Amino acid sequence: MVTLHDPPPPPPYKPPKPQGKADREVHIVTSIVFISVIFSLVVLTGPASSDPPLTNDEASEIVGEFFDALQAKDIDAALALTDLDLTDQHLEFLRPEIIADDWQVTTIAAAGTESSSGADVTVILEFDGESDSGVMEVGKTDDVPHIKMPLNETRVESERAFDWITVNGEAVEPTEFDSIFLLPGVYDFGSEAAGRHAVFPDTELSAGETVNLPDPSEYTDAAQRLVEADLDRCAEWAFPVPRGCPAGLEYFEDDLPNLHDVTDLDWEIVEYPQVSTDDGVYFFTVNTVEAGSVEVSGSAFYRADSGETGERQAFHLRCEINTGYFDMAIDADGEGYFPGLAPGYDSECEFIQ
């Protein structure tokens, strides 16, 4: 049999012995010595990950290599010297054909205290008998120099009739019209009044320096081609109501109310309307300066004034057509298109048979 006993009582509490003055002084001295040793190691060795300072010579050299690549139109080689993380919007204007040929680099000079944090390098470009300067920023990572953000974000004001802009003679349709990204160099935005400009990452161009405002009369031929193509489209319709076209059934109902149930409609353009082009509020405005005409044939029932309907008869009409006025925009190929509705043609018809 197991006999259970009460547990023994705990030992009596004894307060800790007070620490003497000598013990406290030993702990304080030990702590001070430990902190001093750690501080000395930090001062002597410095941060383990720090880079050597970027020298002015290194900064000037990489900027020189960058501009050499640009003048050779080697975009990949130039971008390889930068820290740029490319996006699709960047790539729209980073194309060899957009870089101009006739400019030179006359000065590359880094100034200031050499530092691992970076350096500013002044670059002077010469073009058209003029010179302009800008700054390229150079950094250093893992002991390798690189050019920081080499692109200029430029706001370009395009003629509102265009869905493209011209940069150094190249027409480009940007995804965003608010701003475009350009490599350093010399650029012409198509404005004779504004001329050409040196562009660096820190360059700020005003809207007046980048706007392209062509003479509307230069696009009259494009407007004429647009009208003729639209009328040719109308002539190919095989049913009586060519939508948005002159000489459709809706015009017969207005001008020739006694014709009804028109079938076998065929029409031939005799003369195209002649148009002119002017500035509009948002686009070019196209107006008719000389009416055109079409001849329309088909068959229909003719309702006499008495209300009686006879047999189906053939008819032949001549219709004068005007485009009225309409808006036209211009694409990157220099051709016109309707930014909204097609022309609202006016038509007056008369029987010729």
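Each value in this text was obtained by applying a stated rule to the coordinates, not by laboratory testing. If you're wondering where the values come from, they're calculated on a predicted model, not measured in any experiment. FYI the Cβ positions are ideal-geometry reconstructions off the backbone, even for glycines, and counts take in every protein chain you see.
Tabulated values for the structure
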item: Rounded FRET efficiency, nearest 0.05, which uses the C-beta distance separating residue 179 from residue 289 and R0 of 30 Å; result: 0.15
item: Gained length - residue 83 relative to residue 97, 0.36 nm times residue gap less alpha-carbon distance; result: 2.7 nm
item: Angstrom value of the Kirkwood radius, inverse mean 1/r, which spans all Cα pairs in the range 56-210; result: 16.1 Å
item: Net length gained if the chain between residue 114 and residue 338 were fully extended (0.36 nm per residue, minus Cα distance); result: 74.7 nm
item: Label-point separation, residue 133 to residue 73 (7 Å along Cα→Cβ), nm; result: 3.1 nm
item: Full-extension gain in nm, residue 126 to residue 192, via 0.36 nm per residue minus C-alpha separation; result: 21.8 nm
